[in-house]
Amino acid sequence: MKHLARITAVFLAVTMALTLAAHAESDADYTGGLPDGVITREPITLNVYQWALDNQTTDFENLWFYKQLEADTNVTINWTVIKESMWNDQMNMMFVSGDYPDIIIRPNDRLSIEEYGVTQGILIPLNGYIEANMPNYAGRLGLNNVAESMTASDGKMYSIGYLVAQNINHEANWFINKAWLDAVGMEIPSTIDELTEVLKAFRDNKLGGDVTLPMSAGGEIYHQTQGLYTHFAMFGVPLQYFVYACIDDAGTVVFPGYMDGFREACEWLNMCYAEGLLDKDALTQSDNDWNVKVNGNQVGFTTYLRLINTAWSNPDTIENWVSILPPATERGATTPRVLEIPQYGAVLTSANKHIPESLRWLDAQLETERMLVAANGPAQPGGPIDPCLRVNDSGKYEVVYIPQDNGLYQYVPVTQGQFFAPGDYYFDVFELPPHRIERKDYSKAYEEAGVVEKNSYMILHKLVKPSPEAAADLERLYQDIHTFMREKIAAFVVNGVTDASWAQFLREAKNVGADRYVATYQALYDAYAASLAE
């Protein structure tokens, strides 16, 4: 912890020094006579690439929240909205084209800061601007060691963070349709064999009617909450697609495809696929298609984020479901561990001619009440709907109600906007609503049961600091491994696993660079672990 505090202190000192120069050059008029909230004397328009959820239709151009923000700040946004399923392809095309927006909002964690920031200079380092232009953000940046995960190998910061502290330790949570379970007179399964018998009972009794899906998933990798990859954890393999590498309890970085339970998981999923226990669309369907099936009471077993305030919008359906521990083989379940460190909230590109104004616009969204409104709905009378927030007797904001059927997305960006709330700040200003408490309670139960991995993959994904050359090499390897794993897992699930196909898998894993990939991460992890011991 002393090492982390030292890193944060050094970072903030450097930030302050660089800021003074940037402020003198670009921000001399900022504090002089502008009305409250207005961040630029002359109206400006910024071009923004906006990440959007597949299962929500959000009209960013006419959203009440951004209309209010435009009126307050004197900044107009030209929105380019890109759905999550299309995001990676669109980002790659944009970077190749050279036609960049001013701001990219909520770029996912596969965005290579090293490649597009450190090496190519397409993304702008922000150290010299933050303190002068982002007082809300800067005031929280030194809390809970969050700055450590946001610096690149050159010591600079290229992104504004997105963080919602929740006291959680995992993402995917296992759920079973308890109404179906009661109908077949069976107990909650705790082993794979018990789960298999439950799924067969769901199938044989046609509890979902003509379309009975004992088990379903929203695509093979989607979100790490409801994708098929989540079920590998039941076999002791914390498989996730951000980093195809795990850190075992001894501190050894391993390729998940080499782990003992990987083949067994593929074989079990193939059995489920062949015997009608697994939704045949589970590998390819969209999140929205999966939602329709769950809301239609056609599904008996799946993974998801939580029950309250989600796309599971049918109250009668939600009542049927209960959270369970992941059914485990003799190896024991091992779910990927989540660390509460920032994701990417926004980055600025070299096309941006209004860097201070852009950062002020982002920071305006991080003022406490406005930020909470963005995620939870209006806090004051006179908005498009009754206030969703109030200040309670403890002086904290709390949720009064949540509009049904994900209605918030008609008015505010919810998870698609800016949010930066480290725990030491967030828990002082906000009373966790029921859906956040639900997630926290699941995490507590999973931790107590010992079904969460000891060393999080996020150490490799967010905390180790490869050089630009190593980062570029890892990214190239990742892309090859990602394609390879998606193809092989799909083939194993649909066609099964033979000794010959398994031997071929092991050979091809080596050929696509799995060994070099984990060896590189091992060296980085060792250096990271040694730095913590200093």
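Observations on the model:
- Rolling a 1.4 Å probe across the protein heavy atoms gives the chain an accessible surface of 41 Å² per residue.
- Modelled label reach - V38, point 7 Å along Cα→Cβ, the stretch 57-90 residues with backbone N closer than 16 Å: 69-76
- Cα convex hull volume per residue for the stretch 326-449 (Å³): 176 Å³
- Across the accessible surface of the chain, with the other protein chains kept in place and a 1.4 Å probe, carbon and sulfur atoms take up 49 percent.
- For q = 0.11, 0.15 Å⁻¹, Debye-computed log10 I/I(0) when each Cα of the stretch 165-290 counts as one equal scatterer: -0.42, -0.77
- Computed log₁₀ I(q)/I(0) - Debye formula, equal Cα scatterers, no solvent, the chain, q 0.09, 0.13 Å⁻¹: -0.69, -1.43
- Selection from A470, P434, Q418 lying farthest towards where the dipole of the stretch 411-534 points positive, charges on Cβ: A470
- Dipole magnitude (debye, nearest 20) for the stretch 433-489, charges at Cβ of Lys, Arg, Asp, Glu: 180 debye
- For the peptides 123-132, 242-251, the ranking by packing is 123-132, 242-251, with the highest mean count of neighbouring Cβ atoms within 10 Å listed first.
- With both labels modelled 7 Å from their Cα along Cα-to-Cβ, the D405 to E187 distance reads 4.2 nm.
- Solvent-free Debye scattering, log10 I(q)/I(0), computed from the Cα coordinates of the stretch 40-166 at q = 0.09, 0.13, 0.19 Å⁻¹: -0.30, -0.65, -1.38
- Max-minus-min Cα coordinates of the stretch 269-313 on each principal axis give 34, 17, 17 Å, with the largest extent listed first.
- Per-residue ³J(HN,Hα) for the stretch 235-240, Karplus 6.51 cos²θ - 1.76 cosθ + 1.60, θ = phi - 60°, Hz, x for Gly and Pro: 10, x, 10, x, 6, 8
- Taking the convex hull of Cα positions in the stretch 412-453, its mean projected area over all directions (nm²): 4.3 nm²
- Extended-chain gain in nm, criterion 0.36 nm per residue less alpha-carbon gap, A71 and E487: 144.9 nm
- This model, with +1 at the C-beta of Lys and Arg and -1 at the C-beta of Asp and Glu, gives the chain a dipole about its Cα centre of some 360 debye.
- Between D289 and T45, full extension at 0.36 nm per residue minus the direct alpha carbon distance yields a gain of 84.2 nm.
- Ordering T119, T196, N133 by the projection of their Cα atoms onto the charge dipole of the stretch 95-206, which places +1 on the Cβ of Lys and Arg and -1 on the Cβ of Asp and Glu, puts N133 at the extreme positive end.
- Loop GluC sites (Glu not before Pro), the stretch 281-373, which have at most 12 other Cβ atoms in a 10 Å radius of their Cβ (DSSP): E319, E330
- The Cα atoms of the stretch 432-534 define a convex hull whose projected area, averaged across directions, is 10.5 nm².
- Note on the stretch 73-231: Cα-Cα pairs beyond 21 Å make up 66% of the total pair count.
- Largest-first principal axis extents of the Cα set of the stretch 311-353 (Å): 55, 36, 15
- Lys/Arg +1, Asp/Glu -1 at C-beta; the chain dipole; positive extreme among L46, V81, P381: L46
- In sequence order, the stretch 404-421 has phi-based couplings of 5, 6, 6, x, 4, 5, 7, 10, 9, x, 6, 7, 9, x, 8, 7, 9, 9 Hz under the Karplus curve 6.51 cos²θ - 1.76 cosθ + 1.60, θ = phi - 60°, and Gly or Pro positions carry x.
- Taking the empirical scaling 2.2 N^0.38 Å for compact globular proteins as reference, the stretch 209-349 has a Cα radius of gyration ratio of 1.13.
- For the stretch 414-438 versus the stretch 75-130, the gap between their alpha-carbon centres in whole angstrom: 26 Å
- Qualifying trypsin sites (Lys or Arg not before Pro) for the stretch 128-184 [loop in DSSP, other Cβ within 10 Å: at most 15]: none
- Its DSSP H runs of at least 4 residues, each contributing -39,500 (n - 2.57), put the calculated 222 nm mean residue ellipticity of the chain at -12500 deg cm²/dmol, to the nearest 500.
The values are calculated or read from the model by the stated rules, or taken from the named source; none is laboratory data. Model, not experiment: these values are computed from the prediction. No Cβ is skipped: glycine too gets one built from the backbone with ideal geometry, and neighbour counts run over all protein chains shown. These area figures cover heavy atoms from the full protein model, side chains too; ligands, DNA and RNA do not enter into them. Shrake-Rupley method; radii C 1.70, N 1.55, O 1.52, S 1.80 Å.
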